[in-house]
Amino acid sequence: MSTDNQQSPVVRLHPGRGVNKSRKHLRGRQVDGKALDEVRALLAERPRQRDLLIEFLHLIQDKFGYLSAPHLAALAQEMGLPMAEVYECATFYAHFDVVKEGELPPPAVTVRVCDSLSCQLAGAEQVKSALLAGTNPAQVRVLNAPCMGRCDTAPVAEVGHYHVDYASADKIKSAIDSKHFHPEIPDYLSYEDYVADGGYKLLKQCLAGAYSWEDIQAVLGDANLKGLGGAGFPTAMKWKFVRQEPQPRYVAINGDEGEPGTFKDRSYLEADPHRFIEGVLISAWAVEAEAAYIYLRDEYPAARQILLNEIQKVVAAGLAPAGGIHLRRGAGAYICGEESAMIESLEGKPGMPRHRPPFVAQVGLFGRPTLVNNVETVFWIRTLFDKGAEWFAAHGRNGSKGLRSYSVSGRVKNPGVKLAPAGISMQELMDEYCGGMADGHRFKGYLPGGASGGILPAGMADIPLDFGTLQPYGCFIGSAAVVVLSEQDNMRDVVVNLLKFFEDESCGQCTPCRVGTQKMVDLLQRPDWDEALLQELSSTMCDASICGLGQAASNPITSVLKHFDTDLITTDLLASN
């Protein structure tokens, strides 16, 4: 080493490594000044909190149409996060377009064509093919997309954030040509109209001490209100479990309604948002939550805009908890419908399910006890108190009590959200609420609980549709997403569609789900089904997967093997090839 005043350019510490003392920058990606200025302008005065990472990624994506490497590096520096964490989060979610150095950005227009079951039955594949044949790929990017929560208007496409219902190539091209990229906001009950109809009276009475939390809990318990996102856990009991945990506590509402065939939550949010918001705030009051968080899927831009507008009015009226009401936007990940994955996403991380225990009621958002409920669950709270538990329990059929919101799509004449007695049978639901089968179709089977709820044949249409009634047949009601199939539908194509959905949406954290869904799709696409191997693989996935996605992903095929003639399915397969 030199002993004079001249600095040696390199000091060798290890073979093959060196430290350049004249280096002006740290090793690794350097932050571009222009990109940093743009990111700072977008973030403005927002706090640089770790849990806002996904929100900030949305800001960049919405502004520039994609996430460039310079912008990601600038965001990482601005938030004080490792670049690896920002990149990991950005690449986890389907709605973020990460463009690496040297890659071309995506076209200015992105069209997503839903390829989930209801849209497949309605001809989405033909719509996509016609669109691809008539558009310039340099200007318009056409992608497959999972369920958009509009199954009653299938097939559906999304141009930017504008949804094209009953989509055709011509309707989609018209939206592109007219630059119709923003959501249409439907008519809904505003804050002013809701208050004029007695809205927020119950919340104000609760805040004023006219009722105790046990008073409200008793009504929910007497009505037997259960979690309507799919699990069916008693709401009153969940309140009790969370309240007994130490403060601070939080409320997190799961609006990531991603189960193919489900669209009830969107329907309620877009029609009567304040009945939902009041239910959220009563829940927060009941468990003494410091703040309320609403996690809404990115496929619901109209509902998001409505909530952004109306929550401001609620906050201005002084009705929000001390820590506020926070609306957070998902980014295209079905797995975030699982409560612990949703918590991870709310914290600004990839939405991977946590191992349990501990449960989120004990260790949830930011490591604190958290009450997690579905949108429709809290939507019912004011109605139950106004009309009474007896009114609710007076409804129901076949031994069940209460009302259920059934999202019905597929081969029926009048699809949509049907508020019907809990325990109604499939045949009754079709005949009384859906106008029967669509013209030219004969009833073949149905999904009683969305993609993961299994499939039953037409001959089993008299089973009550409620929690606990379908398990003996290898199925469950879940979020009551009912998809009706006809004799024109190939059962092999149906199960392949459903398993491909789970393959695409697996978070990849655990091998039984990540590899199991891939292997299941491969086995189902073979000319002959190896039923023993399919059953063995299903058992492995059910027993060893971390969360409900992998545990329930094989339900479509196991129920079809149990209830349908596999010889006829093989005949369908040969005919389709």
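The values are calculated or read from the model by the stated rules, or taken from the named source; none is laboratory data. Note that the structure is a prediction, hence the values are computed from the model and not measured. Here Cβ is always computed from backbone atoms with ideal geometry, including for glycine, and neighbour counts include all displayed protein chains. SASA here: full protein model, heavy atoms, side chains in, ligands and nucleic acids out. Shrake-Rupley method; radii C 1.70, N 1.55, O 1.52, S 1.80 Å.
Test GLU505 against the stated conditions and say whether it is at pLDDT 95 or above, open to solvent by 10 Å² or more (accessible area, probe 1.4 Å) and farther than 30 Å from LYS349 by Cα. If you could, list the steps in order and put the result at the bottom.
On the way: at pLDDT 95 or above: yes; open to solvent by 10 Å² or more (accessible area, probe 1.4 Å): yes; farther than 30 Å from LYS349 by Cα: no.
The answer is no for GLU505.
Looking at GLY423, GLY367, which one is on the phi > 0 side of the Ramachandran plot, touching a residue at least 24 places away in the same chain (Cβ under 8 Å) and more than 20 Å from the chain's Cα centre (by Cα)?
Result of the check over GLY423, GLY367: GLY423.
May I ask you to verify whether ALA169 is open to solvent by less than 50 Å² (accessible area, probe 1.4 Å) and among the aliphatic types (A, V, I, L, M)?
Details: open to solvent by less than 50 Å² (accessible area, probe 1.4 Å): yes; among the aliphatic types (A, V, I, L, M): yes.
It is true that ALA169 is open to solvent by less than 50 Å² (accessible area, probe 1.4 Å) and among the aliphatic types (A, V, I, L, M).
Quick one: what pairs do we get from region 256-282, first residue closer than 16 Å to LEU308 by Cβ and among the basic types (Lys, Arg), second open to solvent by less than 10 Å² (accessible area, probe 1.4 Å) and assigned to a helix (DSSP H, G or I), C-beta under 6 Å, 6+ apart or different chains?
ARG266/ALA303
Based on what the data block shows, is GLU55 open to solvent by less than 40 Å² (accessible area, probe 1.4 Å), charged (D, E, K, R) and in a helix (DSSP H, G or I)?
Spelling it out, GLU55 is indeed open to solvent by less than 40 Å² (accessible area, probe 1.4 Å), charged (D, E, K, R) and in a helix (DSSP H, G or I).
Taking only pairs six or more apart or across chains, which ones have beta-carbon atoms under 6 Å, a first residue in region 129-141 that is on the phi > 0 side of the Ramachandran plot, and a second residue that is open to solvent by less than 80 Å² (accessible area, probe 1.4 Å) and of a type outside the set (Gly, Ala, Ser)?
none
Can you find a residue in region 461-470 that is open to solvent by 10 Å² or more (accessible area, probe 1.4 Å), touching a helix residue (DSSP H, G or I) at 6+ places or on another chain (Cβ under 9 Å) and in a helix (DSSP H, G or I)?
No: zero hits.
Which of the residues belonging to region 364-403 are over 14 Å from LYS226 (Cβ atoms), touching a Phe, Trp or Tyr at 6+ places or on another chain (Cβ under 7 Å) and of a type in the set (Gly, Ala, Ser)?
Hit for region 364-403 is GLY364, nothing else.
When you look at ALA252, is it within 28 Å of the chain's Cα centre (by Cα), of a type outside the set (Asp, Glu), surrounded by fewer than 22 Cβ atoms within 10 Å (Cβ to Cβ) and not in a helix (DSSP H, G or I), yes or no?
So ALA252 does not fit the description; no.
Restrict the check to region 510-524 and report whether at least one residue is farther than 30 Å from HIS95 by Cβ, at pLDDT 95 or above and either surrounded by fewer than 17 Cβ atoms within 10 Å (Cβ to Cβ) or out of contact with any Gly (no Cβ under 8 Å at 6 or more places or on another chain) (or both).
Here is the first cut: in region 510-524, the ones farther than 30 Å from HIS95 by Cβ are 523.
Remaining after also requiring at pLDDT 95 or above: 523.
Next cut, either surrounded by fewer than 17 Cβ atoms within 10 Å (Cβ to Cβ) or out of contact with any Gly (no Cβ under 8 Å at 6 or more places or on another chain) (or both) only: 523.
Scanning region 510-524, I find at least one residue that is farther than 30 Å from HIS95 by Cβ, at pLDDT 95 or above and either surrounded by fewer than 17 Cβ atoms within 10 Å (Cβ to Cβ) or out of contact with any Gly (no Cβ under 8 Å at 6 or more places or on another chain) (or both), so the answer is yes.
Tell me, which residue of region 263-287 that is out of contact with any helix residue (DSSP H, G or I) (no Cβ under 8 Å at 6 or more places or on another chain) and open to solvent by 10 Å² or more (accessible area, probe 1.4 Å) is farthest from LEU203 (Cα to Cα)?
The extreme case among them is SER267.
Is it fair to say PHE443 is within 21 Å of the chain's Cα centre (by Cα), aromatic (Phe, Trp, Tyr) and surrounded by 17 or more Cβ atoms within 10 Å (Cβ to Cβ)?
No: the conditions fail for PHE443.
Looking at this structure, is ASP431 modelled with pLDDT of 95 or more and either surrounded by fewer than 18 Cβ atoms within 10 Å (Cβ to Cβ) or assigned to a strand (DSSP E or B) (or both)?
So ASP431 passes the test.
Which condition breaks for GLY229 when tested against (1) part of a loop (DSSP other than H, G, I, E, B); (2) modelled with pLDDT of 95 or more; (3) under 27 Å from the mean Cα position of the chain (by Cα)?
All conditions are met except number (2).
Among residues belonging to region 446-460 that are in contact with a helix residue (DSSP H, G or I) (Cβ under 7 Å, 6 or more places away or on another chain) and part of a strand (DSSP E or B), point out the one that is surrounded by the most Cβ atoms within 10 Å (Cβ to Cβ).
Result: TYR446.
Return the residues of region 207-217 that are under 20 Å from ALA393 (Cα atoms), touching a residue at least 60 places away in the same chain (Cβ under 8 Å) and either of a type in the set (Lys, Arg) or open to solvent by 20 Å² or more (accessible area, probe 1.4 Å) (or both); say none if nothing qualifies.
Result: GLN217, single match.
With respect to the numbered conditions (1) in a loop (DSSP other than H, G, I, E, B); (2) surrounded by 14 or more Cβ atoms within 10 Å (Cβ to Cβ); (3) touching a helix residue (DSSP H, G or I) at 6+ places or on another chain (Cβ under 8 Å), which one is the sole condition not fulfilled by GLY198?
GLY198 satisfies all of (1) in a loop (DSSP other than H, G, I, E, B); (2) surrounded by 14 or more Cβ atoms within 10 Å (Cβ to Cβ); (3) touching a helix residue (DSSP H, G or I) at 6+ places or on another chain (Cβ under 8 Å) except (2).
Whether any residue in region 482-491 is open to solvent by 30 Å² or more (accessible area, probe 1.4 Å) and free of Cβ contacts under 8 Å to residues at least 12 places away in the same chain is what I want to check.
Looking through region 482-491, none of the residues is open to solvent by 30 Å² or more (accessible area, probe 1.4 Å) and free of Cβ contacts under 8 Å to residues at least 12 places away in the same chain.
Among the residues of region 489-512, is any within 23 Å of TRP529 (Cβ to Cβ) and assigned to a strand (DSSP E or B)?
No, that holds for no residue.
Return the residue satisfying two criteria in turn: it lies in region 227-249 and is touching a Gly at 6+ places or on another chain (Cβ under 6 Å) and open to solvent by 20 Å² or more (accessible area, probe 1.4 Å), and of such residues it is farthest from ALA552 (Cα to Cα).
If we take residues in region 227-249 being touching a Gly at 6+ places or on another chain (Cβ under 6 Å) and open to solvent by 20 Å² or more (accessible area, probe 1.4 Å), then PHE233 is farthest from ALA552 (Cα to Cα).
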